[in-house]
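Read the figures in this text as sums done on the coordinates, not as results from a lab. The structure presented is a predicted model; accordingly, all values stated were derived computationally and were not measured. All Cβ positions, glycine included, derive from the backbone under ideal geometry; neighbour counts span all protein chains shown.
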């Protein structure tokens, strides 16, 4: 276990050490203590390592994550896991606005609530929120899945492309071009998988969720070119 104390060492030193871990490494277990809400903790990591941050973080923690598993033992500020490519980010507390924005892959798990604009412009990431999500979540979301065990705020899925949204609770309002859609067998399987990977097994059943998606009225859509949008 590599322990890094941000009360005694600089954030630049931490991120430089993590960025130096290219490809395979035997330094696979990292612990960050005394984060004190610092910004960009463990941003840009590209290695198969496990990082535990013991406390709450500021802006852009785990941004651009690739391969790593990053666990935040607290809450996260705006832009957590922004532009994430792969790997896993797990937040024990709440997440501020635009969590998982533009994420292209991997899994983001928020065990508390997420604020506004969760998953905006997401491009393949999977997001599991154990609590509620705020207004304008999934705005212009292009692909990937969002699973919400609680409620959703106003204008959910505004200007949505092909991302799937599953909500267990109430939705205050739907955004432009977002509609409720039928839950088919393949969607129940997706929800079951997300509950398992999102550490939410036993908290909800797949049949308790409703699916929301694009009405495809705001853009020229061709299913053969879906991966290009």
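I'd like the per residue volume of the convex hull spanned by the Cα atoms of the range 22-132, given in cubic angstrom.
Looking at the range 22-132, the number lands at 70 Å³ per residue.
Among 183, 64, 136, which one moves the most in a GNM of the chain with springs linking Cα atoms closer than 10 Å?
In the Gaussian network model the winner is 183.
If you average the C-alpha positions of the range 29-88 and of the range 120-168 separately, how far apart do those two centres end up, in angstrom?
Rounded to whole Å, the Cα centres lie 21 Å apart.
From the helices alone, meaning DSSP H stretches of at least four residues, give me the mean residue ellipticity at 222 nm for the chain, per-run term -39500 (n - 2.57), in deg cm²/dmol to the nearest 500.
-3000 deg cm²/dmol
Taking R0 as 30 Å, what's the FRET efficiency between residue 8 and residue 50 from their Cβ-Cβ distance, rounded to 0.05?
Efficiency, from the Cβ-Cβ distance: 0.85.
Which whole-number value in Å³ per residue fits the convex hull of the alpha carbons of the range 93-159?
52 Å³
In the set (i) 1.01; (ii) 1.18; (iii) 1.10, which value of Cα Rg over 2.2 N^0.38 Å was calculated from the structure you see?
So the calculated entry is the one marked (i).
I need to check one value: relative contact order of the chain, counting alpha carbon pairs closer than 8 Å and at least 6 residues apart, in percent.
10 percent
Report the gain in length on full extension from residue 208 to residue 188: 0.36 nm times residue separation, minus Cα-Cα distance, nm rounded to one decimal.
So the extension gain works out to 6.2 nm.
Using a Gaussian network for the chain with springs between C-alpha atoms less than 10 Å apart, which of these wobbles most: 18, 195, 218?
Among 18, 195, 218, the largest GNM mean-square fluctuation belongs to 218.
Just to be sure I understand: with springs between alpha-carbon atoms less than 10 Å apart, which residue in 96, 121, 16 has the highest mean-square fluctuation in the Gaussian network model of the chain?
With Cα springs under 10 Å in the chain, the top fluctuation among 96, 121, 16 is at 16.
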